[in-house]
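The structure under discussion appears below in the form of structure tokens.
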Amino acid sequence: MSASFVRAACVTPFGRIEGSSALSLMGDAAQAALDAAGMERSDIDGLICGYATTHPHLMLSTVFAEDFGIRPAYAHAVQLGGGTGAAMLMVADMAIRSGEARNVLVVAGENRLTGMSRDAAVQTLAQVGHPVGEAPLGATIPAYYALGAARYLHETGATEADLAELAVLMRRHASQTPGAHLADPFSVADVLASKPIATPLKLMDCCPISDGGGAVILSAEPGPGASLKLIGAAQAHTHQHLSEAPDDLALGARISSAKALERAGRTIGDMGYLAVYDSFTVTLALLLEALGVSAPGKAGQDAAGGRFARSGALPLNTHGGLLSYGHCGVAGAMAHMAEAWAQMTGRAGARAIASEPAHAIYHGDGGVLSSHVTLVMERVS
Amino acid sequence: MSSGIELQRCRACAKTWAFPRRRCPSCGGEPEAFRASGRATLFSATVVTRAPDETFRALVPYRIALADLEEGPRIMAHLSDEAEIGSPLRGRMERIAGRQIPLFRPA
Ligand SMILES: [Zn+2]
């Protein structure tokens with residue numbers, strides 16, 4: 001049966017990249033992926049791109065194709081908020097397995113930091129809220145996640161210090177990753193003392209807004225050397241707005257991960273590397289617990305105990321995640337995939353993890369825990 | 001006294017919800033509007049100190065809550081004072097930041 005393989009997954013540096021644009025960042029990442037895969041523009045016959053709030057367009061995929069110089073046989077954009085990166089890979093996998101394309105370039109990029117004012121970014125993102133029932137109340141994305149966080153702490157007995165452990169871990173990882181937006185290590189006390197944004201979330205519980213790009217090449221052939229085979233993918237969409245979310249806020253992650261693992265014929269216990277969406281510390285806690293990695297309320301303590309470290313039993317977001325490598329929209333979550341590919345195929349260099357896991361899980365979340373996409377991958381060599 | 005908080009209810013299946021819709025999200029039936037009592041239970045709350053715009057910057061810090069109305073729907077609202085999750089609230093539409101917003105107080 002046909003399958004798809006990750007031939008390359010690359011990101012640009014994230015952070016303040018003066019003079020960048022959505023197209024320049026997409027192009028930088030795409031060129032890096034082509035180079036890493038040893039492929040030419042003419043090899044690419046499928047193109048899936050994300051969206052860019054700094055470059056809204058009806059047809060971003062073909063705008064990019066023309067600019068970058070490819071003429072794909074199959075192309076379109078995907079919009080699923082933070083779930084877009086994983087959703088693009090899922091549809092690229094379907095295009096390959098159906099025979100519609102053999103080499104699909106999946107790409108996104110955005111100058112979200114330098115391309116718009118902070119207020120404009122906050123306001124654009126606040127439109128994730130309902131236009132009648134939520135956004136007019138002066139709610140922001142951190143406020144939506146803060147409502148989830150307050151409920152999470154109430155239900156599980158976890159503390160703000162437990163959540164802070166996840167931020168500390170992501171920063172420790174980012175401190176050794178070239179290209180990370182935020183790399184200065186900090187402590188749990190620093191997180192707890194950082195500026196309040198929306199209780200219980202402080203500044204250091206929140207990801208930064210960055211410029212950056214990411215690209216993945218998915219292929220019908222494994223290519224030379226080690227690569228990653230997609231062995232299971234699934235989605236779940238339980239709601240759009242927080243007001244209509246289920247009581248179990250991360251229910252969608254439970255559904256999509258169970259389905260993806262079942263399709264892969266694996267269990268969460270088989271996974272040896274974790275790539276999990278982490279827009280806020282509480283996002284990461286809720287998702288790790290919904291995936292069945294951590295017991296309810298225990299994700300922070302697992303992090304504190306070293307379980308998710310490079311040298312730990314289950315390395316997590318070893319590039320630093322959205323919380324510290326940075327968040328530039330769609331490509332933000334593609335960095336999780338780039339790191340998974342690098343770690344799983346022995347390309348991580350000085351920051352290589354201690355173990356050599358055979359399987360990795362990648363989970364993306366869009367909206368306010370609204371849209372979930374899970375991919376399960378297996379190392380092949 | 002009415003809370004002024006508008007809800008919708010399906011004439012066919014009695015499903016009740018808060019976001020304005022043209023048809024019932026369960027069965028497609030025709031909705032009728034009605035006013036909530038204003039009695040609710042606190043599902044979650046946050047104190048916002050980073051406002052989205054100039055209007056709300058003048059109000060920080062302010063509390064935003066998810067309130068479970070006794071009629072069933074969960075709505076987002078402002079909250080006057082600190083309250084424990086699970087505690088009873090009473091709310092009504094009030095003028096905040098130049099617009100009508102549901103405001104709840106500990107009951
Ligand atoms: Zn109905």
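Please treat every number below as a calculation from the coordinates, not as lab data. No experiment lies behind these values; they were computed from the predicted model shown. Quick reminder, even Gly has a Cβ in these numbers, built from the backbone with ideal geometry, and neighbours come from all protein chains shown.
Being more than 8 Å from the ligand (Cβ to nearest atom) and either more than 17 Å from A:P131 (Cβ to Cβ) or charged (D, E, K, R) (or both) is the filter here, so list the residues in the stretch B:12-22 that pass it. Spell out the reasoning first.
Initially, the stretch B:12-22 is screened for residues more than 8 Å from the ligand (Cβ to nearest atom), giving B:16-22.
Scanning the stretch B:12-22 gives B:T16, B:R21, B:R22.
In the stretch B:23-44, the residue that is farthest from B:R74 (Cα to Cα) out of those that are within 11 Å of the ligand (Cβ to nearest atom) and hydrophobic (A, V, I, L, M, F, W, C) is B:C27.
Count, please, the residues in the stretch B:1-11 that happen to be more than 12 Å from the ligand (Cβ to nearest atom) and among the charged types (D, E, K, R). Talk me through it step by step, then tell me what you get.
So in the stretch B:1-11, the residues more than 12 Å from the ligand (Cβ to nearest atom) come out as B:1-7.
Keeping just the survivors that are among the charged types (D, E, K, R) gives B:6.
Counting residues in the stretch B:1-11 that are more than 12 Å from the ligand (Cβ to nearest atom) and among the charged types (D, E, K, R) gives 1.
Just to be sure I understand, how many residues within the stretch A:146-184 are hydroxyl-bearing (S, T, Y) and either closer than 19 Å to A:P13 by Cβ or buried (at least 23 other Cβ atoms within 10 Å of the Cβ) (or both)? First the steps, then the outcome.
First, the residues of the stretch A:146-184 that are hydroxyl-bearing (S, T, Y): A:152, A:156, A:159, A:175, A:177.
Subset that is either closer than 19 Å to A:P13 by Cβ or buried (at least 23 other Cβ atoms within 10 Å of the Cβ) (or both): A:152, A:175, A:177.
The number of residues fulfilling the criteria is 3.
Residue pairs whose Cβ atoms lie under 6 Å apart, separated by 6 or more positions or on different chains, with the first residue in the stretch A:349-377 and in contact (Cβ under 8 Å) with a residue 40 or more places away in the chain and the second of a type in the set (D, E), are A:H359/A:D270; A:H359/A:E378; A:H372/A:D365. Quick check: is even one residue across the stretch A:185-206 crowded, with 24+ Cβ neighbours inside 10 Å and in a loop (DSSP other than H, G, I, E, B)? Checked the stretch A:185-206: no residue is crowded, with 24+ Cβ neighbours inside 10 Å and in a loop (DSSP other than H, G, I, E, B).
Could you run through the stretch B:15-26 and say how many residues are more than 11 Å from chain A (Cβ to nearest Cβ) and surrounded by fewer than 12 Cβ atoms within 10 Å (Cβ to Cβ)?
Of the residues in the stretch B:15-26, the ones more than 11 Å from chain A (Cβ to nearest Cβ) are B:15-16, B:22-24, B:26.
Then drop every residue that is not surrounded by fewer than 12 Cβ atoms within 10 Å (Cβ to Cβ), which leaves B:22.
Total satisfying the criteria: 1.
Only one entry in B:R22, B:R39 is touching a residue at least 40 places away in the same chain (Cβ under 8 Å) and more than 30 Å from A:I197 (Cβ to Cβ), namely B:R39. Yes or no: A:G292 farther than 23 Å from A:Y144 by Cα, free of Cβ contacts under 8 Å to residues at least 40 places away in the same chain and in contact with a helix residue (DSSP H, G or I) (Cβ under 8 Å, 6 or more places away or on another chain)? Against the criterion (farther than 23 Å from A:Y144 by Cα, free of Cβ contacts under 8 Å to residues at least 40 places away in the same chain and in contact with a helix residue (DSSP H, G or I) (Cβ under 8 Å, 6 or more places away or on another chain)), A:G292 qualifies.
Considering every residue within the stretch B:84-95, establish whether at least one is at positive phi and away from the ligand (no atom under 15 Å from the Cβ). Lay out the reasoning, then the answer.
Let us first name the residues in the stretch B:84-95 that are at positive phi, namely B:86.
So of that shortlist, the ones also away from the ligand (no atom under 15 Å from the Cβ) come out as B:86.
Scanning the stretch B:84-95 turns up at least one residue that is at positive phi and away from the ligand (no atom under 15 Å from the Cβ).
Test B:A40 against the stated conditions and say whether it is touching a strand residue (DSSP E or B) at 6+ places or on another chain (Cβ under 8 Å) and more than 19 Å from A:I141 (Cα to Cα). Yes: the conditions hold for B:A40.
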